[in-house]
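Working notes, structure below.
The values are calculated or read from the model by the stated rules, or taken from the named source; none is laboratory data. Everything quoted here is computed from the prediction, not taken from an experiment. Neighbour counts are summed over all protein chains in view; Cβ atoms, including those assigned to glycine, are modelled from backbone coordinates with ideal geometry.
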Amino acid sequence: MRRLVLVGIITAVMLSVALGQTALDKSLEAQLKRVFPSAASFSTKQTRPLSHFIAYTGNQTVAGYVFWTTELEPLERGYDGPIKMLVGVDTNAKLTGVLVTEHREPYGYFSVDIPEFAQQFRGKDIRDPFKVGSDVAAISRASITITSSSRAIRNGARRMARALLTPPGTTK
């Protein structure tokens, strides 16, 4: 009897995990749509070769990828810890959007929280330098926060591109 109960519990847990992977949470889906507005739908979270979501067009072809900076660049930190951002990259290696979702920056309200911070990355090529004061606007005096966030976006997007956008037959 005990064994039957244990098997039932394990089955229920495994089933709930499997069902949880079949659909995106509505708030997460809304965030993905903000980062990749041209996508018609998104995959559940993929873990290989890197953690990401796949953005699809209306006819289910791959439009690009969306990732969390804290998962691809976990050691990149702002002034007071990690800055969690969703970043979209299309198949032409252009950023489709950036959304800051969580941070503990003491001056975030005039650095990464303002819309101008995220908007400046839309359409940016991942091969650009992402240098604050050059091609990234230093929209505030919170230089550690802005520099760190820019590095996380750049490095994460480049890692994603090397893993998923490199044409077959070329070196990664």
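Where strands (runs of 3 or more DSSP E) fall wholly inside segment 37-128, the ranges with 3 or more residues that are closer than 15 Å to T145 by Cα are 95-102. Taking residues in segment 150-162 that are farther than 24 Å from E116 by Cα, and partners anywhere that are modelled with pLDDT of 95 or more and assigned to a helix (DSSP H, G or I), the pairs with Cβ atoms closer than 6 Å and at least 6 places apart or on different chains are R159/L72.
Against the condition in contact with an Asp or Glu (Cβ under 9 Å, 6 or more places away or on another chain), within 22 Å of M160 (Cβ to Cβ) and either modelled with pLDDT under 95 or of a type in the set (G, A, S) (or both), how does A93 come out, does it pass? When the stated conditions are applied, A93 passes them. Selection of segment 20-36 for residues being over 20 Å from K94 (Cβ atoms) and either part of a helix (DSSP H, G or I) or charged (D, E, K, R) (or both) yields G20, D25, K26, S27, L28, E29, A30.
When S111 is tested against (1) at pLDDT 90 or above; (2) among the polar types (S, T, N, Q); (3) farther than 18 Å from R158 by Cα, only condition (1) is not met.
Residues of segment 66-85 that are touching a Ser or Thr at 6+ places or on another chain (Cβ under 6 Å) and either crowded, with 22+ Cβ neighbours inside 10 Å or at pLDDT 95 or above (or both): E71, G78, I83, M85.
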